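The values are calculated or read from the model by the stated rules, or taken from the named source; none is laboratory data. The structure presented is a predicted model; accordingly, all values stated were derived computationally and were not measured. Methodologically, a virtual Cβ is constructed for each residue, glycine included, from the backbone with ideal geometry; neighbour enumeration extends over all protein chains shown. These area figures cover heavy atoms from the full protein model, side chains too; ligands, DNA and RNA do not enter into them. Shrake-Rupley method; radii C 1.70, N 1.55, O 1.52, S 1.80 Å.
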Amino acid sequence: MATRPTSVHHQLYGAEASAEYSEAYEEYESWPLLCATLGVSPNSTVSPAYRVPHVLVEVAADTYTRPMDPNQLAEFIQTVAGQLDELRVMHPRLAAARAEWAARTDPTASTEAA
């Protein structure tokens, strides 16, 4: 019995990553972050984009991108890479700010070094 392409549904899950998020201070949960899924649903009634091989990225818990083709995924990767570059720039600024804060703060007056 031959399998027709329209009867083949496929999903391939990429590696999971997570980060801690909070909607309220000090109540953190671990949520998925940038988890990719390769899929195809030939009979999808949601959108024609689901009927061809595509990638969905779970940006954060239950928040997904549109189905992306290879060019759209490359654009998304560039966007994320740009944001990672911004975070890399912020990292030494944070370290410097923390060092300056520590130098100016009386450790006996501070209740907790965050």
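Below, the figures for the structure above:
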read-out	value
Which listed residue, of Y50, Y21, Y25, is open to solvent by 40 Å² or more (accessible area, probe 1.4 Å) and part of a strand (DSSP E or B)	Y21
Close pairs (6 angstrom Cβ cut-off, 6 or more residues apart or separate chains): free of Cβ contacts under 8 Å to residues at least 40 places away in the same chain in segment 36-64, charged (D, E, K, R) and open to solvent by 20 Å² or more (accessible area, probe 1.4 Å) anywhere	P42/R51; S44/R51; Y64/E58
Filter result for L34 (among the hydrophobic types (A, V, I, L, M, F, W, C) and either surrounded by fewer than 14 Cβ atoms within 10 Å (Cβ to Cβ) or on the phi > 0 side of the Ramachandran plot (or both))	yes
Only listed residue being modelled with pLDDT of 95 or more and of a type outside the set (S, T, Y), chosen from A102, A81, A19	A81
Test: residue in segment 66-77 that is open to solvent by less than 70 Å² (accessible area, probe 1.4 Å), in contact with a Phe, Trp or Tyr (Cβ under 7 Å, 6 or more places away or on another chain) and either in contact (Cβ under 8 Å) with a residue 12 or more places away in the chain or not hydroxyl-bearing (S, T, Y) (or both)	yes
